[in-house]
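The values are calculated or read from the model by the stated rules, or taken from the named source; none is laboratory data. Computed from a prediction, not measured in an experiment: that's the story for all the values here. Cβ placement follows ideal geometry from the backbone for every residue including glycine, while neighbour counts extend to all protein chains displayed. Side chains included, ligands, DNA and RNA excluded: accessible areas come from the protein's heavy atoms. Shrake-Rupley method; radii C 1.70, N 1.55, O 1.52, S 1.80 Å.
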Amino acid sequence: MNIPLLLQHPHQRHVLKGLLRTPFPRYHCIFRPSARLGPGSLRARPLDPPGLHCAERVLPSGCLRRPLCARATLKEHPEGLSDKEQRFVDKLYTGLIQGQRACLAEAITLIESTHRRKKDLAQALLQKVLAYHREQERLNKGKPRAFRVGLSGPPGAGKSTFIEYFGKMLTERGHKLSVLAVDPSSCASGGSLLGDKTRMTELSRDMNAYIRPSPTRGTLGGVTRTTNEAILLCEGGGYDIILIETVGVGQSEFAVADMVDMFVLLLPPAGGDELQGIKRGIIEMADLVAITKSDGDLIVPARRIQAEYVSALKLLRRRSGVWQPKVVRISARSGEGIAEMWDRMREFWDLMLASGELAARRQQQQKVWMWNLIRESVLEHFRAHPAVREQIPLLERKVLSGALPPGLAADLLLKAFQARTHEMYPTH
Ligand SMILES: Nc1nc2c(ncn2[C@@H]2O[C@H](COP(=O)(O)OP(=O)(O)OP(=O)(O)O)[C@@H](O)[C@H]2O)c(=O)[nH]1
């Protein structure tokens with residue numbers, strides 16, 4: 001692989017060579033005169049292909065003080081899989097689309113891996129699965145193969161009891177359901193609040209249901225990335241309803257709302273203190289609010305809460321042009337209201353599909369997903385930057401003691417970051 005970098009003036013070669021060493025230390029540079037494009041051209045050959053290929057960049061005359069960045073783009077197709085690796089990916093893919101649970105489980109484990117080579121294999125697998133989805137959607141006249149539903153609620157709202165009842169109802173009706181849990185607490189504590197199979201004992205024994213706990217390591221961004229990819233794998237495995245569960249007390253519910261077709265909020269028939277953790281913003285994201293435990297003595301408070309949310313939702317900005325968020329009452333103990341709730345959900349799906357809003361929402365989510373990943377990785381890069389890293393503890397202490405305003409501290413860190421970046425990529 002060569003990176004053609006075109007020089008306008010031959011004397012710039014040595015400068016270029018020096019600059020190239022910094023941003024691309026793994027590239028070996030060769031000069032070659034180029035009559036076609038200018039007095040000289042530089043060709044860089046990667047010594048160790050790092051999974052990048054570089055696009056051509058023509059340097060305007062005398063512009064060497066601009067950042068010299070041979071535009072690097074990720075390869076669309078992971079290359080260089082050995083025969084053994086290719087066979088492994090093919091076997092996993094075939095098993096997955098045939099609906100073998102063991103292959104689905106292994107595929108999700110692969111996408112969760114942080115091992116570099118395994119990440120390559122995971123991407124190769126995802127490419128195949130995506131191609132399969134495209135083909136299936138085409139055969140299905142553009143209709144998505146699965147209904148993605150986000151489910152959130154405060155701890156104790158009755159999420160697992162609901163999923164157990166709801167899940168069994170769906171599998172009895174011939175659906176294949178997959179439950180994925182995004183658990184922010186697992187990032188910090190290493191323990192998982194959600195996704196614990198003992199919470200849904202009967203459903204976890206159902207062959208048409210697949211329950212997957214969230215990974216217990218990493219950041220929220222990392223978890224949501226793997227959840228997004230796990231959704232694709234579950235759909236490849238023939239699951240037509242994907243339920244993504246999260247505890248509604250942090251940021252994870254916003255992340256989940258950005259990866260599903262419909263966002264459902266479960267709220268217990270209680271107000272005040274019990275619901276303090278629920279952020280107002282998340283109610284705005286809800287397409288459906290279900291007041292849980294509407295049975296026995298709790299029916300009266302459940303009705304009251306339902307009326308309160310009906311009024312509250314009227315005041316909120318609508319997320320859709322064709323759907324007005326609804327508030328239903330359910331009981332996972334008696335089963336009341338759950339079949340009707342599913343009817344409302346299907347009504348939503350049909351309306352969104354027919355209006356084209358579903359397709360638009362999914363498209364928009366792809367963009368949000370990309371930007372979330374960029375934000376996360378840029379921040380990681382910033383924090384890991386040597387000049388920034390060494391200043392963070394001192395500046396944080398100063399901010400905490402009130403010696404430095406946060407704005408100034410942020411400016412200083414950004415300056416330290418920029419100064420070092422300028423050294424590497426001079427711009428003026
Ligand atoms: N009366 C009544 N109680 C319920 C119902 N659903 C759940 N509960 C009770 O509410 C409590 C919490 O239910 P869970 O399903 O564990 O709630 P959760 O939201 O999954 O809780 P976390 O796992 O803490 O997030 C349990 O004691 C359940 O028995 C219901 O429909 N009616």
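Report the gain in length on full extension from GLN366 to SER311: 0.36 nm times residue separation, minus Cα-Cα distance, nm rounded to one decimal. Don't jump to the answer; show the numbers that get you there.
On the way: separation 55, 0.36 × 55 = 19.80 nm, distance 3.26 nm.
Using 0.36 nm per residue and subtracting the Cα-Cα distance, I get 16.5 nm.
Annotation: peptides 333-341, 121-129, 257-265, ranked by per-residue average of other Cβ atoms within 10 Å with the highest first, follow the order 257-265, 121-129, 333-341. Pairs with C-alpha atoms separated by more than 23 Å, drawn from the list LYS143/LYS293; LYS168/LYS367; LYS168/LYS293; LYS128/LYS367, are LYS143/LYS293; LYS168/LYS367.
Couplings 3J(HN,Hα) of segment 133-149, computed from phi: 4, 4, 5, 5, 5, 4, 5, 8, 6, x, 7, x, 7, 9, 9, 9, 10 Hz, in residue order, whole Hz [Karplus 6.51 cos²θ - 1.76 cosθ + 1.60, θ = phi - 60°; x for Gly and Pro]. Close amide-amide hydrogen proximity is noted between GLY153 and THR246, GLY248, LEU266, each under 5 Å apart and 5 or more residues distant or on a separate chain (H modeled in the peptide plane; Pro and chain starts excluded).
Per-residue 3J(HN,Hα) values for segment 380-395, derived from phi via the Karplus relation 6.51 cos²θ - 1.76 cosθ + 1.60 with θ = phi - 60°, read 4, 4, 4, 5, 7, 4, x, 5, 6, 4, 6, 8, 4, x, 5, 5 Hz in sequence order (x marks Gly and Pro). Whose amide H sits under 5 Å from the amide H of ALA181, counting only residues 5 or more places off or on another chain, with H placed in the peptide plane? Hits under the 5 Å cutoff: ARG212, SER214, GLU245. Taking the accessible area of segment 370-424, probe 1.4 Å, and keeping the other protein chains in place, the carbon and sulfur fraction comes to 63%.
In percent, what relative contact order does segment 370-424 have, based on Cα pairs under 8 Å that are 6 or more apart in sequence? This gives 35 percent for segment 370-424. Excluding ligands, DNA and RNA, the accessible surface per residue across segment 81-138 is 57 Å² with a 1.4 Å probe. Near TRP323, no amide H atom lies under 5 Å from its own; only residues 5 or more places off or on other chains count, and H is placed 1.01 Å from N.
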